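Enquirer: Handing you a structure now.
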Amino acid sequence: MKRRLFTQSALAALLATGAVAMTGCGFKMRGSFSYAFKTLLSGFGETSTLGNEFKRVLAADGAVALVTDPAKAQVVLDVINEQREKVVVGTTSSGQVREFQLRIRLKFKLRTPSGKDIIPETELLVQRDISYNESAALAKESEEGLLYRDMQTDMVQQLLRRLSAVKEL
């Protein structure tokens with residue numbers, strides 16, 4: 001009984017110390033973003049999984065309305081290039097693949113409907129390393145899919161941070 005009470009009080013003290021340390025270092029929970037514009041025309045393609053997640057997150061946030069008519073948009077997000085890559089970065093002495101690097105690249109710019117650049121052409125890159133084993137090919141394929149989804153979420157968050165950094169149009 002004493003040991004349990006000691007363990008609980010030690011854990012509570014550790015959590016309290018961690019909370020104080022995190023607030024002292026400037027840590028702040030990520031909240032919703034604020035934008036200098038209220039309407040946006042998205043340049044993502046209809047079949048883009050990255051674009052679908054971007055639209056879903058913006059709709060859930062509610063701070064910016066997605067429009068399809070350029071006349072109603074305050075800003076236009078032009079997606080210049082969206083690309084997934086899978087590059088071999090490690091092989092065995094016999095030439096078998098042991099490690100891949102997965103990448104998602106997004107090149108975009110933000111402009112007004114009249115053509116004034118707000119964010120010039122910018123490229124974002126998210127990458128992850130994944131080991132590979134032929135005997136677990138199906139499991140590695142599933143892991144790759146999960147990593148791409150995680151990278152896609154990171155990419156959308158990076159894009160939203162860039163858009164929220166715009167202070168005036």
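The values are calculated or read from the model by the stated rules, or taken from the named source; none is laboratory data. In this text the structure is predicted, and so the values were computed from the model without any measurement. Here the Cβ positions follow ideal geometry from the backbone for every residue, glycine too, while neighbour counts run over all protein chains shown.
Enquirer: Before we move on, is Gly115 free of Cβ contacts under 8 Å to residues at least 40 places away in the same chain, out of contact with any Asp or Glu (no Cβ under 9 Å at 6 or more places or on another chain) and assigned to a helix (DSSP H, G or I)?
Expert: No; evaluated as a whole, the condition is false for this residue.
Enquirer: So, one more: Would you point out the residue of the stretch 134-156, among those that are of a type in the set (S, T, N, Q) and free of Cβ contacts under 8 Å to residues at least 12 places away in the same chain, that is farthest from Gln101 (Cα to Cα)?
Expert: Restricting to residues being of a type in the set (S, T, N, Q) and free of Cβ contacts under 8 Å to residues at least 12 places away in the same chain, the top hit is Ser135.
Enquirer: If only one of Val156, Val88, Val97 is surrounded by 14 or more Cβ atoms within 10 Å (Cβ to Cβ) and at pLDDT below 95, which one is it?
Expert: Val97 is the lone residue from the list that is surrounded by 14 or more Cβ atoms within 10 Å (Cβ to Cβ) and at pLDDT below 95.
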